[in-house]
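I have placed the structure first, in the form of C-alpha cells, so that the comments after it can refer back to it.
Taken together, the values in this text are just the output of simple stated rules run on the coordinates, not laboratory data. Given the structure is predicted, the values throughout are model-derived calculations rather than measurements. Cβ sites come from the backbone with ideal geometry, for glycine too, and all protein chains shown count toward neighbours.
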Amino acid sequence: FEETNACVKASFHLYSNKKMTAPDSLTLYGIGSDSIRYKKARNVQPALIPLNASEDNCSFVIRINGVNDTISFNYSTFVHLISKECGYTYYHNLDSVYSTLHNIDSISLNLRNITTLDGTNISIFY
C-alpha cells in the first residue's frame, strides 16, 4: 500500500540556529479553497502540502505560531502510472516557491521533483 498523493514535503527550521524544529502551532489552508490541511497542529514535521494538478500555481495561508504568511508555488504537473491496479497519480516539478516575510525568514528549495517518495522538497526557516 503505497502513498498515491504527491505533496510538497516542507521541513521547519528555526532561523536563529538553523536546527530542524517543528512549530508549536501550524495552520495551513489553500487560498481560494475551503479545505484546511492543518489547524493549530502541533509537532508537524514535515508538513505535507498538496498542489492543484489542474493549475500551474497555487497559494496557501500558513500560520506558524500565530503569525500569518502566504506561501506560493509555481510548478508543472505530469501524470505518473503507479500500477495497472492502482492507476495514475500526478507528480509535479517545482519551478519556484516564495512567501511573505512576516514570520518566515526564508525558504530553501531542496528537491524540485515532487513525488510520492520521501525527501524534503523545501525547508522553511522561521
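Using θ = phi - 60° and the Karplus relation 6.51 cos²θ - 1.76 cosθ + 1.60, list the HN-Hα couplings for the stretch 103-118 in order, rounded to whole Hz, with x at every Gly or Pro.
Rounded to whole hertz, the list is 10, 6, 8, 6, 10, 9, 8, 9, 9, 6, 7, 9, 10, 7, 7, 6.
Between Phe125 and Ser54, take the C-beta separation as r, use R0 = 35 Å, and let me know the FRET efficiency to the nearest 0.05. Before the final figure, lay out the partial values.
Working: r = 31 Å, r/R0 = 0.87.
So, using R0 = 35 Å, E works out to roughly 0.70.
Using modelled backbone amide H atoms (1.01 Å from N, in-plane), which distant-in-sequence or interchain residues come within less than 5 Å of Val8's amide H?
Result for Val8 returns Ile49, Leu51.
What does the net charge come to around His92 if you take all other residues with beta carbon closer than 13 Å to its beta carbon, with K and R at +1 and D and E at -1?
Computed value for this residue: -1.
Which value, in Å to one decimal place, does the Kirkwood hydrodynamic radius take for the stretch 1-42 when every pair of different Cα atoms is included?
12.6 Å
Rounded to two decimals, what is the ratio between the C-alpha radius of gyration of the chain and 2.2 N^0.38 Å?
1.05
Under the classification rounded if a/c is under 1.5, otherwise prolate if a/b is larger than b/c and oblate if not, where does the stretch 36-86 fall, given a ≥ b ≥ c as square roots of the Cα gyration tensor eigenvalues?
Judged from the Cα gyration tensor, the stretch 36-86 comes out oblate (a/c at least 1.5, b/c at or above a/b).
Translational diffusion coefficient, Stokes-Einstein: compute it for the stretch 11-72 using the Kirkwood radius over C-alpha pairs as Rh, at 25 °C and 0.890 mPa s, and state it as an integer in µm² s⁻¹.
D, rounded to a whole number, is 199 µm²/s.
Would you look at the GNM of the chain, springs on alpha carbons closer than 10 Å, and say which of Tyr15, Tyr91, Tyr75 moves the most?
Tyr15
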